[in-house]
Structures are given as C-alpha cells and as structure tokens.
Amino acid sequence: MRGGDVRRGVLWGVMTGAAIAAYTLWDAHAVGRLGLAPVSYYARTLLFQCALLTPGILRRRAGLRTTLRADWRPIVLVAVLSPLAYILVLTAMQESPVALVAPLRESSIVIGSLIAWRLFDEHGLGRRVIGAVVVLAGIVVIGL
C-alpha cells in the first residue's frame with residue numbers, strides 16, 4: 001500500500017470516528033437530557049432518514065426490485081435486528097454513562113469485520129487485525 005493510500009485511509013477513519021462520536025453523543029443527549037423515549041426517538045430519526053433517502057431509491061427502482069427478490073431474507077433480518085439493537089443501545093444510554101455504552105456499541109465493528117473475513121473469505125486479515133486493535137484501543141481509552 002502506498003503512503004498516500006494509508007494517509008487517505010487514516011483520514012477516512014478519523015472522519016468516520018468523528019461522525020460516530022457526534023451521533024453517539026447526540027443520541028445520549030436526546031434520550032438522556034431531553035428525556036425522549038428510545039422508540040419514538042428512533043421512529044423520528046427513521047422518518048428523517050426515509051425523507052433523505054427516498055429520492056435516490058426512486059431513481060434506482062429497477063435495481064431495488066431485483067435486490068429485494070434476490071436478498072429478501074437477509075434484508076428482513078437486518079430490518080428487524082438493526083432497529084432492535086439501536087433501541088437497546090438508546091435504552092442503555094438512559095441507564096448508563098455514554099462512556100460505557102459507546103465503546104461496547106462500536107465493538108460490533110470489530111466483530112463484524114472478523115466474521116466477514118472468516119465466513120466470506122474476504123482478504124486483508126492483517127489490516128483487519130490492525131484495525132481491530134486500533135478500535136479496541138479507542139474503546140479502552142473511552143472506557144477509562
């Protein structure tokens with residue numbers, strides 16, 4: 001990998017981390033200080049997301065139908081489990097400090113990356129392990 005690619009990858013990683021930190025802190029503020037119920041807060045954010053994403057989906061209608069026919073089972077699984085996980089995290093943020101909940105929330109990235117390598121024979125185990133170590137180090141720092 002060239003030096004420019006590494007710097008670009010680190011930059012994207014830092015920007016992703018900053019975005020995750022921002023929405024995690026906002027979520028904690030919304031369900032903690034503002035006292036919003038996790039399910040209704042999630043429903044409102046979902047409506048906003050739908051409004052933003054609908055124009056792009058409408059432009060790709062044919063591809064959407066094909067994808068739904070071919071992959072409906074995993075789509076339904078994600079459609080059920082992802083909101084459930086998000087609502088559970090929001091509920092945990094009501095009960096515990098965000099410094100404890102956020103690191104555990106992001107540990108799923110590490111687990112998912114390693115599962116993808118193992119189950120789908122994806123390449124780059126070394127990069128995944130390095131990334132996992134960096135994420136885990138961040139989790140430890142946040143937890144302290």
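Assorted remarks:
- Scanning the range 96-144 for residues that are closer than 19 Å to Leu25 by Cβ, of a type in the set (A, V, I, L, M) and over 19 Å from the mean Cα position of the chain (by Cα) yields Val141, Leu144.
- Checking each residue of the range 24-35 against the condition of being in contact (Cβ under 8 Å) with a residue 40 or more places away in the chain, open to solvent by less than 80 Å² (accessible area, probe 1.4 Å), within 25 Å of Gly112 (Cα to Cα) and out of contact with any Phe, Trp or Tyr (no Cβ under 9 Å at 6 or more places or on another chain) gives at least one match.
- If only residues of the range 96-110 that are among the aliphatic types (A, V, I, L, M) and in contact (Cβ under 8 Å) with a residue 40 or more places away in the chain are counted, the one that is most open to solvent (accessible area, probe 1.4 Å) is Leu100.
- Close pairs from the range 36-53: first under 19 Å from Val80 (Cβ atoms), partner basic (Lys, Arg) and surrounded by fewer than 12 Cβ atoms within 10 Å (Cβ to Cβ), Cβ under 7 Å, at least 6 apart: none
- Pair list, Cβ < 9 Å and 6+ apart or interchain, from the range 82-95 residues that are over 17 Å from Leu25 (Cβ atoms) to residues that are of a type in the set (S, T, N, Q): Ala85/Ser108
- Of the residues making up the range 61-84, those that are touching a helix residue (DSSP H, G or I) at 6+ places or on another chain (Cβ under 9 Å) and not β-branched (Val, Ile, Thr) are Leu64, Leu68, Pro83.
Quick grid of which residues meet (1) open to solvent by 60 Å² or more (accessible area, probe 1.4 Å); (2) touching a strand residue (DSSP E or B) at 6+ places or on another chain (Cβ under 6 Å); (3) more than 30 Å from Gly131 (Cα to Cα):
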| residue | (1), (2), (3) |
| --- | --- |
| Trp12 | yes, no, no |
| Gly56 | no, no, yes |
| Val76 | yes, no, no |
| Ala85 | no, no, no |
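- Scoring Leu36 on the criteria (1) in a helix (DSSP H, G or I); (2) closer than 18 Å to Thr24 by Cβ leaves a single failure, condition (1).
The values are calculated or read from the model by the stated rules, or taken from the named source; none is laboratory data. Fair warning: this is a prediction, and the values are worked out from it, not measured in the lab. Methodologically, a virtual Cβ is constructed for each residue, glycine included, from the backbone with ideal geometry; neighbour enumeration extends over all protein chains shown. Accessible surface is based on the protein model in full, side chains and every heavy atom, while ligands, DNA and RNA are left aside. Shrake-Rupley method; radii C 1.70, N 1.55, O 1.52, S 1.80 Å.
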